[in-house]
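Novice: Take a look at this one; I'll ask things after.
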Amino acid sequence: MTIHCWKNFRAAIVVAFAATVGFAGGFCDTQNFSLDVVPRVEAASPEVTDERADAAYWTERNPDGERVLFSADEIAAFNAAMREKTETLKDLANEPVTADVRYGVATRRGNLRTEPVPPDGSHYDEMQATAVDPCEPLLVYEDSDDGKFSHVVMRNYEGWLSKREFALTDRATWMQFAAPKDFAVVTADRWWLHDEVMNQDALYQMGAKIPIVKSMLLVPSRAKGGTLIVHEQSAVFDDDLHHGFLPCTENNFVRQGFRFLGDVYGWGGLDDSVDCSAFTSDVYRTMGIEIPRDADVQGEVLPYRIRLHGRAAARLALLRMAFPVGTLMTNDTHVMMYIGCDTDGTPMALQAMSSYIDDDGKHYLRRVVLTTLDYPNAKGKPYIDGVKYLSAIERTYIF
């Protein structure tokens, strides 16, 4: 049986399955899918560490996974549509500004704060909003009373950033970072750039964009007075730094997700790492897709989604048969990325997991892991039972 025939056969199964459970309509926005609940299940550590915990296991089993799903123009249209659905996403280069705006560029990895106070050193600092990578363009507004922080607007968040972590410049220079005509994209989980002029290292995280002019990277640094210094540095492209965005393919969702495997869970980007929604947004951004920073909003803005209710077995069946690799599974506080089914047909996901709960209480795992979707949630039900949305950038099958 050819792959094409198998897809037609599977599509027929999906249609019959949908008719059985009473599902109607496409995956756009708030279609509902409901069945009964299931009893409490036994708990165990959800992390999977066998042969499946390797990107090659998944990419080698998906011969269609290298097919480019969307062109750059189509992705730009996705991004524009998502910005219409949430105020958290900004096209900074075209963002309306007030007369008092200043233009900034992040010069080192920083911490965006909900209040103008420094991190308190804990793993779960409630004032932490998100991490800021070098080269991020910023719209800079008011300063804090003590003069140590400025309120800034980023492409996907706003908050207070220490003045030591960015520099001010004119709009023309800022536009080289806000709307670069050419750029490099960090594809490693973490990547260090040695600034040859300033003789210092800067940490960049996956998805970070570095402008390119005449085949040279534009590297930002901060002068003593807080103004921006930009110099050119040779670009070396490899598996960690890509010229432009990666092609949007199923296998690139998998490869990029697995690059974080085992990394520490970093609440709001603390510990130089990712939390659940930074993980998914960084993976998506390597292919040019700018999804929101927070998990709950991510589940609301992708083009095709379904809101789930009811029994875990039916939810898993729908995911397995009708949603593509890269689908986000979200609730109000967490997001995971679907990577496909193993050889036994078990749907699996990559996620930055803080903790899990069993009969003995809460256990802090605090790393990026591969899991199934039927490990127990806080209520002792399969985790998929608490997923609110399945959200995707494409339709696999249309009912």
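The values are calculated or read from the model by the stated rules, or taken from the named source; none is laboratory data. This is a predicted model, so every value here is computed, not measured. As a convention, Cβ positions derive from the backbone with ideal geometry for all residues, glycine included, and neighbour counts pool all protein chains shown. Only protein heavy atoms, including side chains, enter the accessible area calculation; ligands, DNA and RNA are left aside. Shrake-Rupley method; radii C 1.70, N 1.55, O 1.52, S 1.80 Å.
Novice: What is the one condition in (1) free of Cβ contacts under 8 Å to residues at least 60 places away in the same chain; (2) more than 21 Å from residue 166 (Cα to Cα) that residue 64 does not satisfy?
Specialist: (1)
Novice: Pairs under 8 Å by beta carbon, first residue closer than 18 Å to residue 110 by Cβ and part of a loop (DSSP other than H, G, I, E, B) in region 206-225, partner open to solvent by 20 Å² or more (accessible area, probe 1.4 Å) and among the aliphatic types (A, V, I, L, M), six or more apart or different chains?
Specialist: Pairs found: 223/229.
Novice: Confirm whether residue 54 is modelled with pLDDT of 95 or more, in contact with a helix residue (DSSP H, G or I) (Cβ under 8 Å, 6 or more places away or on another chain), within 28 Å of residue 385 (Cα to Cα) and not aromatic (Phe, Trp, Tyr).
Specialist: yes
Novice: Now, a different point. Only one of 316, 270 is open to solvent by 10 Å² or more (accessible area, probe 1.4 Å) and within 27 Å of residue 118 (Cα to Cα); which?
Specialist: Checking each option against the conditions leaves just 270.
Novice: Scan region 348-355 and give yes if some residue there is hydroxyl-bearing (Ser, Thr, Tyr), touching a residue at least 60 places away in the same chain (Cβ under 8 Å), in contact with an Asp or Glu (Cβ under 9 Å, 6 or more places away or on another chain) and open to solvent by 20 Å² or more (accessible area, probe 1.4 Å), otherwise no.
Specialist: Looking for residues that are hydroxyl-bearing (Ser, Thr, Tyr), touching a residue at least 60 places away in the same chain (Cβ under 8 Å), in contact with an Asp or Glu (Cβ under 9 Å, 6 or more places away or on another chain) and open to solvent by 20 Å² or more (accessible area, probe 1.4 Å), one finds at least one in region 348-355, hence yes.
Novice: OK, next. What tally of residues in region 309-358 results from selecting those that are hydrophobic (A, V, I, L, M, F, W, C), part of a strand (DSSP E or B) and modelled with pLDDT of 90 or more?
Specialist: 12
Novice: Filter region 99-116 for residues that are touching a residue at least 40 places away in the same chain (Cβ under 8 Å) and aliphatic (A, V, I, L, M); which is nearest to residue 161 (Cα to Cα)?
Specialist: The selected residue is 112.
Novice: A further question follows. Under the condition of being among the charged types (D, E, K, R) and over 18 Å from residue 105 (Cα atoms), which residue from region 190-205 is most open to solvent (accessible area, probe 1.4 Å)?
Specialist: 196
Novice: Among the residues of region 375-394, is any outside any strand (DSSP E or B), open to solvent by 50 Å² or more (accessible area, probe 1.4 Å), within 19 Å of residue 58 (Cβ to Cβ) and without any contact (Cβ under 8 Å) to a residue 60 or more places away in the chain?
Specialist: Looking through region 375-394, none of the residues is outside any strand (DSSP E or B), open to solvent by 50 Å² or more (accessible area, probe 1.4 Å), within 19 Å of residue 58 (Cβ to Cβ) and without any contact (Cβ under 8 Å) to a residue 60 or more places away in the chain.
Novice: Within region 131-160, can you find the residues that are part of a strand (DSSP E or B) and open to solvent by 10 Å² or more (accessible area, probe 1.4 Å)?
Specialist: Once the filter is applied, which keeps residues that are part of a strand (DSSP E or B) and open to solvent by 10 Å² or more (accessible area, probe 1.4 Å), region 131-160 yields 131, 137, 141, 142, 143, 149, 151, 153, 158, 160.
Novice: Read through the list (1) surrounded by fewer than 19 Cβ atoms within 10 Å (Cβ to Cβ); (2) touching a helix residue (DSSP H, G or I) at 6+ places or on another chain (Cβ under 7 Å); (3) more than 28 Å from residue 169 (Cα to Cα), then give the number of the only condition that residue 72 fails.
Specialist: With (1) surrounded by fewer than 19 Cβ atoms within 10 Å (Cβ to Cβ); (2) touching a helix residue (DSSP H, G or I) at 6+ places or on another chain (Cβ under 7 Å); (3) more than 28 Å from residue 169 (Cα to Cα) applied to residue 72, the lone miss is (2).
Novice: Something else now. Which condition number does residue 365 fail, the rest of (1) over 25 Å from residue 251 (Cα atoms); (2) among the hydrophobic types (A, V, I, L, M, F, W, C); (3) without any contact (Cβ under 8 Å) to a residue 60 or more places away in the chain being met?
Specialist: Among (1) over 25 Å from residue 251 (Cα atoms); (2) among the hydrophobic types (A, V, I, L, M, F, W, C); (3) without any contact (Cβ under 8 Å) to a residue 60 or more places away in the chain, the lone unmet condition for residue 365 is (3).
Novice: All but one of (1) at pLDDT below 95; (2) part of a helix (DSSP H, G or I); (3) under 28 Å from residue 131 (Cα atoms); (4) open to solvent by 10 Å² or more (accessible area, probe 1.4 Å) hold for residue 299, so report the exception by its number.
Specialist: The number of the failed condition is (4).
Novice: Still on this structure, please answer the following. Can you confirm whether residue 100 is modelled with pLDDT of 50 or more and assigned to a loop (DSSP other than H, G, I, E, B)?
Specialist: yes
Novice: Give region 161-189 a look and list any residue that's free of Cβ contacts under 8 Å to residues at least 40 places away in the same chain and either open to solvent by 30 Å² or more (accessible area, probe 1.4 Å) or over 24 Å from the mean Cα position of the chain (by Cα) (or both), or say none.
Specialist: If the condition is that a residue be free of Cβ contacts under 8 Å to residues at least 40 places away in the same chain and either open to solvent by 30 Å² or more (accessible area, probe 1.4 Å) or over 24 Å from the mean Cα position of the chain (by Cα) (or both), then 172, 181 are the ones that fit.
Novice: May I ask you to list the residues in region 102-123 that are open to solvent by 20 Å² or more (accessible area, probe 1.4 Å) and among the β-branched types (Val, Ile, Thr)?
Specialist: 114, 117
Novice: In the list 311, 305, 222, 259, which residue meets the criterion of being within 23 Å of residue 74 (Cα to Cα), open to solvent by 10 Å² or more (accessible area, probe 1.4 Å) and of a type outside the set (Gly, Ala, Ser)?
Specialist: Exactly one of 311, 305, 222, 259 is within 23 Å of residue 74 (Cα to Cα), open to solvent by 10 Å² or more (accessible area, probe 1.4 Å) and of a type outside the set (Gly, Ala, Ser), namely 305.
Novice: Out of the residues in region 225-252 that are among the hydroxyl-bearing types (Ser, Thr, Tyr) and open to solvent by 20 Å² or more (accessible area, probe 1.4 Å), state the one that is nearest to residue 187 (Cα to Cα).
Specialist: Selected residue: 234.
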